[in-house]
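The values are calculated or read from the model by the stated rules, or taken from the named source; none is laboratory data. Just so it is clear, the model here is predicted, and its values are computed rather than measured. As a convention, Cβ positions derive from the backbone with ideal geometry for all residues, glycine included, and neighbour counts pool all protein chains shown. These accessible areas exclude ligands, DNA and RNA; they are computed on the full protein's heavy atoms, side chains included. Shrake-Rupley method; radii C 1.70, N 1.55, O 1.52, S 1.80 Å.
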There are 2 protein chains.
Amino acid sequence: MSILVVGSVAFDGIKTRFGQVDRVLGGSATYFSLAASYFTDVNVVAVVGEDFTQEYEDVFRKRGIDTRGIQRAPGKCFFWAGEYGEDPNMRTTLTTCLNVFENFKPAIPKEYSDSKFLFLANIDPVLQTEVRRQMNDVALVGGDTMNFWINGKRAELEETLKLIDVLVINDSETRELAQEPILPRAAKQVLAMGPQALVMKHGEYGATIFFREGAFGVGRHPFRAPTLPIEEVIDPTGAGDSFAGGFMGYIASQGVLNREVLKRAMFYGGVMGSFAVERFGPERLTELTREEIEERYQMFRELTHLE
Amino acid sequence: MSILVVGSVAFDGIKTRFGQVDRVLGGSATYFSLAASYFTDVNVVAVVGEDFTQEYEDVFRKRGIDTRGIQRAPGKCFFWAGEYGEDPNMRTTLTTCLNVFENFKPAIPKEYSDSKFLFLANIDPVLQTEVRRQMNDVALVGGDTMNFWINGKRAELEETLKLIDVLVINDSETRELAQEPILPRAAKQVLAMGPQALVMKHGEYGATIFFREGAFGVGRHPFRAPTLPIEEVIDPTGAGDSFAGGFMGYIASQGVLNREVLKRAMFYGGVMGSFAVERFGPERLTELTREEIEERYQMFRELTHLE
């Protein structure tokens with residue numbers, strides 16, 4: 001079943017210890033939809049500027065992604081530039097230009113109305129709520145957020161959280177949202193805010209899914225998936241969005257939601273995140289095959305599988 | 001087969017968000033040997049002061065641990081006091097009194113000479129090397145160290161590392177030792193210093209074992225074991241030493257060293273670490289049953305097991 005993602009389509013300037021690029025395609029909706037496209041049909045809602053030329057749209061098209069929901073506005077695409085330290089966990093933002101993103105009003109094309117899965121990537125929670133309310137007939141809603149909204153628009157975000165089934169955020173966002181440093185305690189508090197499940201991304205350590213009691217009928221026990229220890233993290237940008245794309249994309253492809261599907265989705269999330277970091281920008285996600293994905297899935301399984 | 005551990009037997013003063021204790025039994029050899037005692041016979045080499053009364057020796061004795069290698073010296077036991085933040089990963093040392101530990105000269109009782117497994121807990125690398133050289137007939141040598149020795153006695157530590165088969169250290173120690181922030185790259189560099197395998201402890205995220213090419217004939221692929229998400233980390237002190245005790249103790253109990261044994265040992269390490277943090281000091285490790293350990297092992301397995 002198809003999945004609809006609302007988020008940013010942007011350009012990024014990135015410097016890491018392995019090199020730098022001045023301008024590559026980026027944005028949460030870009031990484032998410034490319035990653036999800038290996039599993040299911042993807043519909044994107046975003047806004048771009050005049051610098052989003054045909055060659056960039058073709059990146060989506062070649063993966064079969066429906067781009068009719070990408071609005072065009074006068075001006076330039078959202079632009080972000082940042083630098084990672086020797087330790088790829090250390091990131092400094094150098095530039096953020098919202099550009100056309102500043103006045104983004106997401107509109108869902110009627111052709112997208114059959115999407116049963118929705119992912120609200122990291123945008124203003126007010127917009128997330130608006131989109132969610134336009135999509136009444138969805139089976140599962142995933143969402144992301146960041147410290148900027150947690151601190152700046154907490155009340156609005158709390159409204160959004162009531163409308164999200166699976167929240168996909170990282171450790172520091174979880175701690176900030178719950179105002180609690182111990183992660184499993186923080187998870188419990190976040191789940192009390194609305195979501196049925198919380199996928200907590202631990203960066204190089206993998207991710208854990210925590211469930212509310214009774215959620216999806218899959219039991220209360222958390223489940224943890226690893227990531228591959230990667231020696232050359234060329235560019236960490238987009239790893240989290242790619243995780244979300246693999247995770248949600250796999251779920252959408254299965255049609256049923258049970259514990260085994262969710263477990264495998266956690267692994268596929270990790271797999272897609274691990275591919276994303278192998279090249280600058282989303283390049284690696286444009287050229288994969290299902291065979292490569294399955295091969296890496298098996299590597300992930302070997303990494304943690306007992307007997 | 002029995003395991004010999006050399007390390008500290010100490011008293012600790014500990015404050016966490018869940019309470020505080022002024023003086024509990026502590027030390028690396030204490031946590032290690034209690035954890036290992038559920039799997040195999042344990043012989044301890046350490047030094048204690050006059051404040052190590054019978055009640056403390058009984059803690060070891062009740063677990064069947066051989067204490068003939070615990071030397072007695074005039075003065076007091078090593079004492080450490082520290083405080084953990086709201087986030088149990090944040091630790092501040094308030095007091096360190098070496099006391100009798102300052103002049104510790106490890107001597108291996110001849111009754112211990114049949115130990116086929118040796119663990120060099122976190123002590124001066126010069127002493128670790130001396131002990132290793134007194135034990136020529138061992139099958140497997142494990143060892144630990146810390147940033148204090150990595151920075152203060154690097155040359156001596158590099159000699160020790162050539163004599164250790166499995167190094168068991170945490171992420172920050174690995175980064176410091178390799179002077180490389182990316183963990184799998186750092187692992188490769190640490191393995192080039194001597195050990196056949198590196199067990200990298202990731203705190204609340206579990207641990208990964210990395211192998212040198214050809215090590216133990218178990219293949220090159222790393223293996224990762226989780227830890228349980230624990231809401232009430234009452235006292236994190238000794239979790240790493242308990243991990244090492246469960247890990248080495250299980251290996252010693254098996255008599256053979258293959259990939260499946262090492263994988264299960266990683267899980268048992270995590271299991272023993274997870275018990276250690278449930279009470280102040282090593283209390284929880286004094287009263288376990290094999291049934292409780294197996295039950296938790298199954299919980300760890302459920303946490304990561306795919307179909």
Enumeration of residues in region B:201-221 that are over 15 Å from the mean Cα position of the chain (by Cα), over 15 Å from B:LEU262 (Cα atoms) and open to solvent by less than 40 Å² (accessible area, probe 1.4 Å): B:TYR205
Tell me which of these B:GLU307 doesn't satisfy, since it passes every other one: (1) open to solvent by 10 Å² or more (accessible area, probe 1.4 Å); (2) within 14 Å of chain A (Cβ to nearest Cβ); (3) part of a helix (DSSP H, G or I). (3)
So in region B:82-106, with the set limited to residues that are open to solvent by less than 50 Å² (accessible area, probe 1.4 Å) and more than 17 Å from B:PHE11 (Cα to Cα), which one is nearest to the other protein chains (Cβ to nearest Cβ)? B:ASP87
So the helices (runs of 4 or more DSSP H) completely within region B:66-164 holding 1 or more residues that are within 17 Å of B:VAL47 (Cα to Cα) and out of contact with any helix residue (DSSP H, G or I) (no Cβ under 8 Å at 6 or more places or on another chain) are B:125-134
Pairs, please: C-beta under 7 Å, at least 6 apart or cross-chain, first residue more than 7 Å from every other protein chain (Cβ to nearest Cβ) and touching a residue at least 24 places away in the same chain (Cβ under 8 Å) and in region A:203-232, second part of a strand (DSSP E or B) and surrounded by fewer than 21 Cβ atoms within 10 Å (Cβ to Cβ)? A:GLY203/A:ASN170
So how many residues does region B:233-264 have that are touching a residue at least 12 places away in the same chain (Cβ under 8 Å) and open to solvent by 20 Å² or more (accessible area, probe 1.4 Å)? 12
Filter result (facing another protein chain (nearest Cβ under 10 Å) and open to solvent by less than 30 Å² (accessible area, probe 1.4 Å)) within region A:173-187: A:GLU180, A:PRO181, A:ILE182, A:LEU183, A:PRO184, A:ALA186, A:ALA187
Here is a check on your reading of the model: is B:GLU295 out of contact with any Asp or Glu (no Cβ under 6 Å at 6 or more places or on another chain), part of a helix (DSSP H, G or I) and acidic (Asp, Glu)? yes
If we ask which residues in region A:188-200 are surrounded by fewer than 19 Cβ atoms within 10 Å (Cβ to Cβ) and closer than 22 Å to B:MET90 by Cα, their number turns out to be 2
Out of curiosity, is B:ASP137 at negative phi, among the acidic types (Asp, Glu) and either modelled with pLDDT of 95 or more or surrounded by 19 or more Cβ atoms within 10 Å (Cβ to Cβ) (or both)? no
Among the residues of region B:187-194, is any more than 16 Å from B:PHE211 (Cα to Cα), in a helix (DSSP H, G or I) and basic (Lys, Arg)? no
